[in-house]
Amino acid sequence: PDDIKSIHGLRFFAVFMIFISHKSFFAYFYPMANRTRIIEETFTGSTVLIRAGNLYTELFLMLSGLLASFSLTRKLEQKQKINIFREYFDRYARIAPSLMVLIIISSFVMPYIGSGPLYKMLTEREAELCQQYWWRNLLFINVWFGIRPMCAFHSQHVSIDFELFLVAPLLVALIYKWPRRGTTCLLTLAIISSVAKSIVAYQKNLSEFIVHGLT
């Protein structure tokens, strides 16, 4: 009865666009006769929706925050006591097992179910990283060390989601108990985060969109 139906549509849209984005750019690992022409045709204005993979990932973070705040607020309205550590444990127990299976498959299965020089180029390096740095993923701190040494880099948003959830119960409780102070705190954090992100993007010449020679 408390289902938010529109979320299913947003989730489908994000999954579909991320799938298309990933499939499109992994195609660059395939042999091609004229790589320059392919790149010129791909990185045009009409392909911007495919090159906006980061934005679709952020949609998942937004949905996660919405559902977390919805669930926690409902508990507060029902006069239930929020056990923060229990919330953290439940979140970890829901995410970690699936992530562990992904790491095991990347480490010990993927390198042996295919063949060829291009296949090995993608899977062997991934297996080495996961065998060495798997613990970073299970502690959800892999995003602190950059993309290059990251095991299962496509799961980075899971770590970001878990880290954001660490502050979610505190913010929800603050907004529920002191709406004005809580809203001010939330807006302040959002502004600081946006400004910090903009500064880093400007200093390091980063882009929200994948552009040839600029990521």
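Hey, residue 141 hits all of (1) without any contact (Cβ under 8 Å) to a residue 12 or more places away in the chain; (2) under 30 Å from residue 69 (Cα atoms) but one; which does it fall short on?
Status for residue 141: all satisfied but (1).
Pick from 190, 168, 196, 173: which is among the small types (Gly, Ala, Ser), open to solvent by less than 70 Å² (accessible area, probe 1.4 Å), within 22 Å of residue 63 (Cα to Cα) and without any contact (Cβ under 8 Å) to a residue 24 or more places away in the chain?
Working: 168 fails: without any contact (Cβ under 8 Å) to a residue 24 or more places away in the chain; 196 fails: within 22 Å of residue 63 (Cα to Cα); 173 fails: without any contact (Cβ under 8 Å) to a residue 24 or more places away in the chain.
Testing whether each residue is among the small types (Gly, Ala, Ser), open to solvent by less than 70 Å² (accessible area, probe 1.4 Å), within 22 Å of residue 63 (Cα to Cα) and without any contact (Cβ under 8 Å) to a residue 24 or more places away in the chain leaves just 190.
Taking the stated definitions as given, is residue 50 assigned to a loop (DSSP other than H, G, I, E, B), at pLDDT below 85 and open to solvent by less than 80 Å² (accessible area, probe 1.4 Å)? Let's see the steps before the verdict.
On the way: assigned to a loop (DSSP other than H, G, I, E, B): yes; at pLDDT below 85: yes; open to solvent by less than 80 Å² (accessible area, probe 1.4 Å): yes.
When the stated conditions are applied, residue 50 passes them.
Do you know which residues across segment 72-85 are under 28 Å from the mean Cα position of the chain (by Cα), of a type in the set (D, E, K, R) and loosely packed, with under 10 Cβ neighbours inside 10 Å?
none
Residue by residue through segment 151-165, note down the ones that are open to solvent by less than 70 Å² (accessible area, probe 1.4 Å) and aliphatic (A, V, I, L, M).
Quick first cut of segment 151-165, residues open to solvent by less than 70 Å² (accessible area, probe 1.4 Å) only: 151-152, 155-163, 165.
Within segment 151-165, 152, 158, 160 qualify.
Quick check on my filter: what residues within segment 88-99 are touching a residue at least 24 places away in the same chain (Cβ under 8 Å) and either in contact with a Phe, Trp or Tyr (Cβ under 8 Å, 6 or more places away or on another chain) or open to solvent by 100 Å² or more (accessible area, probe 1.4 Å) (or both)? Don't jump to the end; show me each part of the working.
Quick first cut of segment 88-99, residues touching a residue at least 24 places away in the same chain (Cβ under 8 Å) only: 88, 91-92, 95-96, 99.
Across segment 88-99, the qualifying residues are 88, 91, 92, 95.
For segment 27-47, enumerate the residues that are among the aliphatic types (A, V, I, L, M) and either part of a helix (DSSP H, G or I) or open to solvent by 80 Å² or more (accessible area, probe 1.4 Å) (or both).
Let us first name the residues in segment 27-47 that are among the aliphatic types (A, V, I, L, M), namely 27, 32-33, 38-39.
The answer is 27, 33, 38, 39.
Within segment 113-128, does at least one residue satisfy the condition of being open to solvent by less than 70 Å² (accessible area, probe 1.4 Å) and closer than 30 Å to residue 174 by Cβ?
no
Cβ contacts < 9 Å: first residue within 17 Å of residue 150 (Cβ to Cβ), restricted to segment 108-124; second residue of a type in the set (Val, Ile, Thr) and open to solvent by less than 100 Å² (accessible area, probe 1.4 Å), any location; separation 6+ or different chain. Result?
Going by the 9 Å Cβ cut-off, the qualifying pairs are 110/123.
Name the single residue, out of those in segment 53-71 being surrounded by fewer than 16 Cβ atoms within 10 Å (Cβ to Cβ) and among the hydrophobic types (A, V, I, L, M, F, W, C), that is farthest from residue 160 (Cα to Cα).
70
How many residues does segment 11-44 contain that are under 15 Å from the mean Cα position of the chain (by Cα) and among the β-branched types (Val, Ile, Thr)?
2
Hey, among 146, 114, which residue is of a type outside the set (D, E, K, R) and over 21 Å from residue 30 (Cα atoms)? Break it down into steps so the answer makes sense when it comes.
Working: 114 fails: over 21 Å from residue 30 (Cα atoms).
146 is the lone residue from the list that is of a type outside the set (D, E, K, R) and over 21 Å from residue 30 (Cα atoms).
The values are calculated or read from the model by the stated rules, or taken from the named source; none is laboratory data. Quick caveat: nothing in here was measured; it's all calculated off a predicted structure. Don't worry about glycine lacking a Cβ; one is built from the backbone with ideal geometry, like all the others, and counts go over all protein chains shown. What goes into the accessible areas is simple: the full protein's heavy atoms, side chains included, and nothing from ligands, DNA or RNA. Shrake-Rupley method; radii C 1.70, N 1.55, O 1.52, S 1.80 Å.
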